[in-house]
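Report on one structure; see the data block that follows.
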Protein chains: 2
Amino acid sequence: MGMDDKVYRHLENLVGSGFVTRKKEDLVCYSYDAAPGNAFLPDAVVFPKSETQVSEIMRLALKKRIPVIPRGSGSGMTGGAVPVQGGVVLAFSRMNHILDIDLDNFTATVEPGVIVSHLHKAVEDLGLFYPPDPASSDVCTIGGNVGECAGGPRAVKYGVTRDYVLGLRAVLPCGDVISTGVSTAKGVAGYDLTRLIVGSEGTLAVVTGITLRLLPRPACVATLAVCFDDMEKAARTVSGIMRQAVIPRCVEYLDEASLFLVKDRLQFALPKQAKAMLILELDGDEITVKAQTEQIRQFCTQSFALDIRVAKDPGQAAALWEARKALSPVLYKIANQKINEDIVVPISKIPDMVACIKSIQAESGLTIVSFGHAGDGNIHCNIMYDKTDASQAKQAKKAVDRLFAATLELGGTITGEHGVGLTKMAYLSWEIGRVEQDIMKKIKAVFDPFRILNPGKIFPDS
Amino acid sequence: MGMDDKVYRHLENLVGSGFVTRKKEDLVCYSYDAAPGNAFLPDAVVFPKSETQVSEIMRLALKKRIPVIPRGSGSGMTGGAVPVQGGVVLAFSRMNHILDIDLDNFTATVEPGVIVSHLHKAVEDLGLFYPPDPASSDVCTIGGNVGECAGGPRAVKYGVTRDYVLGLRAVLPCGDVISTGVSTAKGVAGYDLTRLIVGSEGTLAVVTGITLRLLPRPACVATLAVCFDDMEKAARTVSGIMRQAVIPRCVEYLDEASLFLVKDRLQFALPKQAKAMLILELDGDEITVKAQTEQIRQFCTQSFALDIRVAKDPGQAAALWEARKALSPVLYKIANQKINEDIVVPISKIPDMVACIKSIQAESGLTIVSFGHAGDGNIHCNIMYDKTDASQAKQAKKAVDRLFAATLELGGTITGEHGVGLTKMAYLSWEIGRVEQDIMKKIKAVFDPFRILNPGKIFPDS
């Protein structure tokens, strides 16, 4: 349809003419996210500066029935920020202020556009700690993290975004501003709108302010890289570690294909027989970390590890994490298209899942690279293929079907942290029943009766 | 209205004639909970054995438009389980089985009628740990804990019930059974119905099954009792402790009136000048707990503690906790009526709140006993009065008004763990705005369009 001039002028009046655009070259930049192959042009991109502006934009959009798509940095993995039905992208790059860090009460109040790694640094400089750390933390925003309920490696000990959001400010599709939750450690007055909005993928309300719970910064961190000659040995070691009374803050794993991709970025030579690696990280006070490191080292030795390396300084640890975090983008070395699924299975089922992925790989003839948050049973499976080859694309789709079927069969879920967005919409009914979906859709209608907020996401008929 | 015979016979057919009653003497037992002065007779009490029975009861109740009130042990503090509009009380005492404890995946699957302390023992015997521990844990049920999002002393380190519920099975008012959440560590498919139902006080759906996340049992626990000659010194010490990089699993406090009530139950003589006590508990592996105990001991000494005692064995620690947990019932020694409010303020505001409670006490002429989870800023304020004295009752009501006004003024909430129920309904609008309440009421209508589930709770016009 395109955007009519009158509406565009109105948007300019609301935010100032420098902060709205409909130039094609700008629109293209906001047409996609990190889920390849799902580009849709918006009609305009608006850069609001305040909650009031967001509210006014929503009132206008409702009146004109224009879709509005809130967007952080567009690093989402399921097309959640893509303007499927056109409309206005609300880009939060200007609402990127840390408004308050309360040292006495261990809270931070932030705008949604704050980059997660900036938040990490700001609170750590003050001796505090915000645990959730998605691999994209250098680019992704806290607003996007709230929208998706982002996790990351440290979730195994510290939980996910949901566990750190105490309260929200948000704008409803009608333009009304709501305030949910508390700024205290506890609070149970009324229904939990806070956690309903967290993870709702920008489909219920536009988050404009976030109050986060913080922890004291752990005094000491130890990072270990442990190699195995067999993926299933690594998987069994993960289950075993979790049965110790030690909970590492991270239990990541990389399979053989992942190791091949990142081996040049490691600061040490991998043993020749290495087919899997675990990255383990422990934190706490110095004495505890020392004792637990030794305990884990012994356990890994008993579990037939080929090689156990403890990072000698923060630089070595950082290099290891940089290699791990580079994995997702570096996958394109293998093929020009990837389907990245973030399945979760009970941790005891990781060996079964690993075997299953092997068999899907053999059957499809495609390379499947898997790595991820093994301590949570959260495996990032990347099915790589040539997008110009229709038969490979078909095989990839079949591989996803098999992967999800196996995941659910093992008692798992189709998404641990990426959300449903656009790319998993067709699979939602595999996991969530009709009655439950019906409730969810009616809740959507409570917040957004005219379906203007991020339409065409999560539910196939939205 | 009373219950017509046909409906009663139908209920008998559904659950068996021994498992439904309408004898006056039985009904009286299910007419009240732990919030004094709020008794309402139900028309019948039903003891279902299975989810299927619950579903059939709900279908019947919907057809006949009969209120249904789910009930655990009736230890709730806000009249949440009281049948305000009569109807059928669903008592879960027969659905009290621990169905599964999964040692590999750190989960438990339980029926709602399981007593929380039974769950604690069962998982601890297997080397696992379920942290939430409301003071009523020897009587209260896990279903009630889910309904209220119960907390308890250990919430300061481990969080509340919400943080341990991975998934639910529940029966909707129409009788349909839903399954929410996951049985894995993570999961974000669709809206978070799990946390919407947790803390919804039995007004959205009847919970029939709960999957809980467990932790490894901490190897070692240290319990300290620390006395001060001044309540505000104790309050400042709490803020100070939380700023250390040590998070005790419990930071409880007792004021002078509380100490007077429990001093005979302590296994040591209180210093004469003692006007406040902190109970601090640390857990973890042995080395850590030892080091942290010393750190806390030093900090308390610097904070002018009169007396610091470390429990020498589990028996001494248990005696201390028994004294603390006896506080709520023993209050009736002071007066025949109490109003127990579980306000929360930011921890840095505890000294202000303590001063404010003192001034409310002076103004009202009533005894106010306060104790609670200071590490969360969650203070249980008990306003004691003679219920036969109308002027005292009026003063008590005025004291509650002032208490809530001051709490909200300090950035707090009117309820940290007891819920709104019946007794805080008139205050809900003091904390939650019109727009937010409107959304909540529409969500209630999505689940329960005919308002048959626990009517007359949370929202003044429900």
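The values are calculated or read from the model by the stated rules, or taken from the named source; none is laboratory data. All of these numbers come straight from a predicted model, not from anything done at the bench. With ideal geometry, Cβ positions are generated from the backbone for all residues, glycine too; neighbour counts draw on all protein chains shown. For accessibility, only protein heavy atoms count, side chains too; no ligands or nucleic acids. Shrake-Rupley method; radii C 1.70, N 1.55, O 1.52, S 1.80 Å.
When you go through A:Ser137, A:Ser179 one by one, which is the residue that is more than 10 Å from every other protein chain (Cβ to nearest Cβ), surrounded by fewer than 24 Cβ atoms within 10 Å (Cβ to Cβ) and not aliphatic (A, V, I, L, M)?
None of the other options fit; the residue is A:Ser137.
Output the residues belonging to the stretch B:406-429 that are in contact with a Pro (Cβ under 9 Å, 6 or more places away or on another chain), within 20 Å of B:Cys356 (Cβ to Cβ) and crowded, with 22+ Cβ neighbours inside 10 Å.
Once the filter is applied, which keeps residues that are in contact with a Pro (Cβ under 9 Å, 6 or more places away or on another chain), within 20 Å of B:Cys356 (Cβ to Cβ) and crowded, with 22+ Cβ neighbours inside 10 Å, the stretch B:406-429 yields only B:Gly412.
Got a sec? Which helices (runs of 4 or more DSSP H) wholly within the stretch B:60-158 have at least 1 residues that are closer than 22 Å to B:Ala39 by Cα?
The qualifying helices (runs of 4 or more DSSP H) are B:142-148.
Which residue is most open to solvent (accessible area, probe 1.4 Å), if the candidates are limited to the stretch B:333-365 and must be in contact with a Leu (Cβ under 6 Å, 6 or more places away or on another chain) and within 11 Å of another protein chain (Cβ to nearest Cβ)?
B:Lys349
Out of B:Ala405, B:Ala390, B:Ala355, I need the residue that is in contact (Cβ under 8 Å) with a residue 40 or more places away in the chain, more than 24 Å from B:Thr161 (Cβ to Cβ) and hydrophobic (A, V, I, L, M, F, W, C). Which one?
B:Ala355
I'd like to check which helices (runs of 4 or more DSSP H) are fully inside the stretch B:212-302 and have at least 1 residues that are open to solvent by less than 10 Å² (accessible area, probe 1.4 Å) and more than 22 Å from A:Asn105 (Cα to Cα).
B:256-262, B:286-302
Among the residues of the stretch B:60-100, what is the count of those that are within 14 Å of chain A (Cβ to nearest Cβ), open to solvent by less than 40 Å² (accessible area, probe 1.4 Å) and within 21 Å of B:Asp163 (Cβ to Cβ)?
Residues flagged as within 14 Å of chain A (Cβ to nearest Cβ), open to solvent by less than 40 Å² (accessible area, probe 1.4 Å) and within 21 Å of B:Asp163 (Cβ to Cβ) within the stretch B:60-100 amount to 2.
Within the stretch A:303-313, can you find the residues that are within 13 Å of A:Thr223 (Cα to Cα), touching a residue at least 60 places away in the same chain (Cβ under 8 Å) and open to solvent by 80 Å² or more (accessible area, probe 1.4 Å)?
Answer for the stretch A:303-313, where residues must be within 13 Å of A:Thr223 (Cα to Cα), touching a residue at least 60 places away in the same chain (Cβ under 8 Å) and open to solvent by 80 Å² or more (accessible area, probe 1.4 Å): just A:Arg309.
Here are some conditions: (1) part of a helix (DSSP H, G or I); (2) open to solvent by less than 10 Å² (accessible area, probe 1.4 Å); (3) touching a strand residue (DSSP E or B) at 6+ places or on another chain (Cβ under 8 Å). A:Thr203 meets all but one. Which one does it not meet?
A:Thr203 satisfies every listed condition except (1).
Quick check on the stretch A:259-297: of everything there that is in contact with a Lys or Arg (Cβ under 8 Å, 6 or more places away or on another chain) and among the β-branched types (Val, Ile, Thr), which residue is farthest from B:Thr288 (Cα to Cα)? Break it down stepwise before answering.
Going residue by residue through the stretch A:259-297, those that are in contact with a Lys or Arg (Cβ under 8 Å, 6 or more places away or on another chain) are A:259, A:261-262, A:268, A:270, A:276, A:279, A:281-283.
Adding the requirement that they be among the β-branched types (Val, Ile, Thr) leaves A:262, A:279.
Numbers: A:Val262: 36, A:Ile279: 24 Å.
The residue in question is A:Val262.
Please go through the stretch B:1-40 and give me each residue that is in a loop (DSSP other than H, G, I, E, B), crowded, with 16+ Cβ neighbours inside 10 Å and in contact with a Lys or Arg (Cβ under 9 Å, 6 or more places away or on another chain), ordered by number.
Within the stretch B:1-40, the subset in a loop (DSSP other than H, G, I, E, B) is B:1-4, B:16, B:22-23, B:30-40.
Then keep just the ones that are crowded, with 16+ Cβ neighbours inside 10 Å; that gives B:3, B:22, B:30-36, B:38, B:40.
If the condition is that a residue be in a loop (DSSP other than H, G, I, E, B), crowded, with 16+ Cβ neighbours inside 10 Å and in contact with a Lys or Arg (Cβ under 9 Å, 6 or more places away or on another chain), then B:Met3, B:Tyr30, B:Asp33, B:Pro36 are the ones that fit.
Do we find a residue being touching a Gly at 6+ places or on another chain (Cβ under 6 Å) and not β-branched (Val, Ile, Thr) anywhere in the stretch A:225-242?
No: the stretch A:225-242 contains no residue that is touching a Gly at 6+ places or on another chain (Cβ under 6 Å) and not β-branched (Val, Ile, Thr).
Which residue pairs have Cβ atoms closer than 8 Å, lie 6 or more positions apart in sequence or on different chains, and pair a first residue in the stretch A:280-294 that is within 11 Å of chain B (Cβ to nearest Cβ) and of a type in the set (A, V, I, L, M) with a second residue that is buried (at least 18 other Cβ atoms within 10 Å of the Cβ) and part of a strand (DSSP E or B)?
Within 8 Å, the pairs are A:Val289/A:Ala222; A:Val289/A:Leu282; A:Val289/A:Asp283.
Does A:Pro216 qualify as being farther than 23 Å from A:Ile458 by Cα and within 19 Å of the chain's Cα centre (by Cα)?
No, not satisfied.
May I ask you to list the residues in the stretch B:440-454 that are open to solvent by 10 Å² or more (accessible area, probe 1.4 Å) and farther than 21 Å from B:Val82 by Cβ?
The answer is B:Lys442, B:Ala445, B:Val446, B:Pro449.
Within the stretch A:218-261, which residues are of a type in the set (D, E, K, R), under 27 Å from B:Leu214 (Cβ atoms) and either more than 10 Å from chain B (Cβ to nearest Cβ) or in contact (Cβ under 8 Å) with a residue 60 or more places away in the chain (or both)?
The answer is A:Glu232, A:Lys233, A:Arg236, A:Arg249, A:Glu252.
What single numbered condition from (1) closer than 30 Å to B:Ser258 by Cβ; (2) within 14 Å of chain A (Cβ to nearest Cβ); (3) open to solvent by less than 10 Å² (accessible area, probe 1.4 Å); (4) touching a strand residue (DSSP E or B) at 6+ places or on another chain (Cβ under 6 Å) fails to hold for B:Ile458?
(4)
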